[in-house]
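Student: Shown below is the structure under consideration.
Read-outs: derived from the displayed coordinates by stated rules, not from any lab. Keep in mind the model is a prediction, meaning the values are calculated, not measured. Cβ sites come from the backbone with ideal geometry, for glycine too, and all protein chains shown count toward neighbours.
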Amino acid sequence: MPHVLGVRFKPVTKIYYFLPPDSSPVKEGDPVIVETSRGKELGWVAMETKEVSNEEVKGTLKAVLRRATPVDLMKMNDYQQQEATALEKCKAKVAELGLPMKVVGAEYAFDGSRILFSFSAEQRVDFRDLVRALVRSLRTRVEMRQIGARDEAKIMDGYGRCGRRLCCSSWLTEFHPVSIRMAKNQQLPLAPTEISGLCGRLLCCLAYEDEMYTETRKKLPKVGSKIDTKEGVGVVKGLNILKESVIVEIEGSGLRVEVGTQDTIPAGQSSPQEKQSQPKTQPKSGKKPTKSRKRRKSQTKRRKTSRKKSS
């Protein structure tokens, strides 16, 4: 199993695995220069060297080149201060060219060798003229990356309907699949305005408690089934997953009561206490014939048949 070092390039983002340096060891929080598919980048150690399984490593591991120096950090800080100006220039050029795209972020490499613009668009955009204009203006290599609605919300940041900072911006490092089935499972209103986030997609928090709702629902009777309660036989009209209780309509009276799972049993079945109080049936006293008795019977039959033949 390989030994890897975990590096993160931005706060609240995914941790990438690299080969640990052969020279001086690094510890968590140290800035390092690593080799990536986009070239050299500066990141921070988020996980010290450890052994992982081969299944966790995807592709070929690249190396940590060296520890970042104070000069590298000063350069990175200087270029970060220029990102806002570069972003405004890009937005102005997009408006001038009339391109159907929304530029949401600009990110310089630590040494200023390139700049990456992130944008969102509903369709594919031909931005070749934009890149040429930006190269002449910024005097560096320009890269464009189209992102989705969730990534756009992560960059823009904001506050959700819960009053807290967005999960994707504050602590969620990776996006997980979210489906409308999760909202149904949690008995939430299916109106888009109720279950959608600032990105316009389904709320990421729908997945947080979905497993708990699924496991709890298995313990509860289904809606429409008949159960016995202290008030009598009734039909299940609703479920309260958080309280692990059911809403039951008593037959005949129309009364609706909320009862816990420990106070309900399927209609027609006896409770565990009743089963214990019921007398146990005694097994029949008849004995099964043994092999010797069977043998004697077969010998008697053979004798009778031989006598009939002789007579």
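Student: Under the Kirkwood approximation for Rh and a Cα-based Rg, what ratio Rg/Rh is obtained for region 142-194? Walk me through the numbers before you get to the answer.
Tutor: Values: Rg = 13.8 Å, Rh = 13.3 Å.
Expressed as Rg/Rh, it is 1.04.
Student: Using the alpha-carbon atoms, what tilt in degrees (0 to 90, nearest 10) does helix 210-219 show relative to the longest principal axis of the chain?
Tutor: Around 10 degrees separate the two axes.
Student: Turning to a different aspect of this structure: Kindly flag which residue pairs out of 14/50; 10/58; 27/62; 62/93 have an alpha-carbon separation exceeding 26 Å in this structure.
Tutor: Working: 14/50 17 Å; 10/58 21 Å; 27/62 18 Å; 62/93 36 Å.
Too far apart for the 26 Å limit: 62/93.
Student: Compare 102, 218, 154 in a GNM of the chain, Cα atoms joined below 10 Å, and give the one with the largest fluctuation.
Tutor: 218
Student: Given H placed on each backbone N at 1.01 Å, which residues far from residue 238 in sequence or on other chains put an amide H within less than 5 Å of it?
Tutor: 247
Student: Give a residue-ordered list of calculated ³J(HN,Hα) values for region 58-68 (Karplus: 6.51 cos²θ - 1.76 cosθ + 1.60, θ = phi - 60°; whole Hz; x for Gly, Pro).
Tutor: Listing the rounded values in order: 10, x, 8, 6, 9, 9, 7, 6, 6, 7, 5 Hz.
Student: May I pose another question? Would you mind getting me the FRET efficiency between residue 187 and residue 300? Use the beta-carbon distance for r and R0 = 45 Å, nearest 0.05. Write down the numbers at each step before the final one.
Tutor: Details: r = 75 Å, r/R0 = 1.66.
Computed FRET efficiency for residue 187 and residue 300: 0.05.
Student: Which one of 251, 88, 152 has the biggest mean-square fluctuation once the chain is modelled by GNM with Cα springs under 10 Å?
Tutor: Taking springs between Cα atoms under 10 Å, the residue moving most is 251.
Student: Under the rule of at least 5 residues apart or a separate chain, name every residue whose amide H is placed under 5 Å from the amide H of residue 36.
Tutor: 41
Student: Summing +1 for each Lys or Arg and -1 for each Asp or Glu, what net charge is found among the other residues whose Cβ lies under 12 Å from the Cβ of residue 179? Provide the component values of the computation, followed by the final result.
Tutor: Numbers: positive: 181, 184, 201; negative: 210.
Once all neighbours under 12 Å are counted, the net charge is +2.
Student: What residues qualify as long-range amide H neighbours of residue 108, i.e. H under 5 Å apart, gap of 5 or more or another chain, H built at 1.01 Å from N?
Tutor: Answer set, sorted by chain and number: 116.
Student: Quick one: what are the phi-derived ³J(HN,Hα) couplings along region 165-176, Karplus 6.51/-1.76/1.60 with θ = phi - 60°, whole Hz, x for glycine and proline?
Tutor: 4, 4, 4, 5, 9, 9, 8, 7, 8, 9, 8, 10
Student: What's the local net charge at residue 37, with K and R +1, D and E -1, over the other residues with C-beta under 14 Å away? Walk me through the numbers before you get to the answer.
Tutor: Details: positive: 38, 40, 58, 62, 114, 145; negative: 35, 41, 143.
Its environment carries a net charge of +3.
Student: For region 75-147, what is the per residue volume of the convex hull drawn over the alpha-carbon atoms, in cubic angstrom?
Tutor: Details: hull volume 5.4 nm³, N = 73.
Spelled out: Cα convex hull of region 75-147, divided by residues, is 74 Å³.
Student: Calculate the radius of gyration of the Cα atoms of the chain to one decimal place, then report Dmax, the largest Cα-Cα distance, as a whole number, both in Å.
Tutor: Here Rg and the maximum Cα pair distance are 36.0, 128 Å.
Student: Given a 10 angstrom Cα cut-off, can you work out which residue in 299, 80, 186 is the most mobile in a GNM of the chain?
Tutor: Comparing 299, 80, 186 in a Gaussian network model of the chain, the most mobile one is 299.
Student: Could you go through region 179-188 in sequence order and give the Karplus-derived ³J(HN,Hα) for each residue, using 6.51 cos²θ - 1.76 cosθ + 1.60 with θ = phi - 60°, rounded to whole Hz, and x for Gly and Pro?
Tutor: Those phi angles translate into 10, 5, 4, 5, 5, 5, 4, 9, 6, 9 Hz.
Student: Going highest first, how would you order 202-211, 22-31 by mean Cβ packing within 10 Å? Before the final figure, lay out the partial values.
Tutor: Numbers: 202-211: 16.6, 22-31: 12.1.
With the highest mean Cβ count within 10 Å placed first, the list reads 202-211, 22-31.
Student: Sorted by mean Cβ packing within 10 Å, highest first, what order do the peptides 166-174, 224-232 take? Don't skip to the answer; put the middle values down first.
Tutor: Details: 166-174: 15.8, 224-232: 14.0.
Result, highest mean Cβ count within 10 Å first: 166-174, 224-232.
Student: Taking only Cα atoms, what is the 0 to 90° angle, nearest 10, from helix 70-97's long axis to the longest principal axis of the chain?
Tutor: Taking Cα atoms only, the helix is inclined about 90 degrees.
Student: Against the longest alpha carbon principal axis of the chain, how many degrees, from 0 to 90 and to the nearest 10, is the axis of helix 128-138 turned?
Tutor: So the inclination is approximately 50 degrees.
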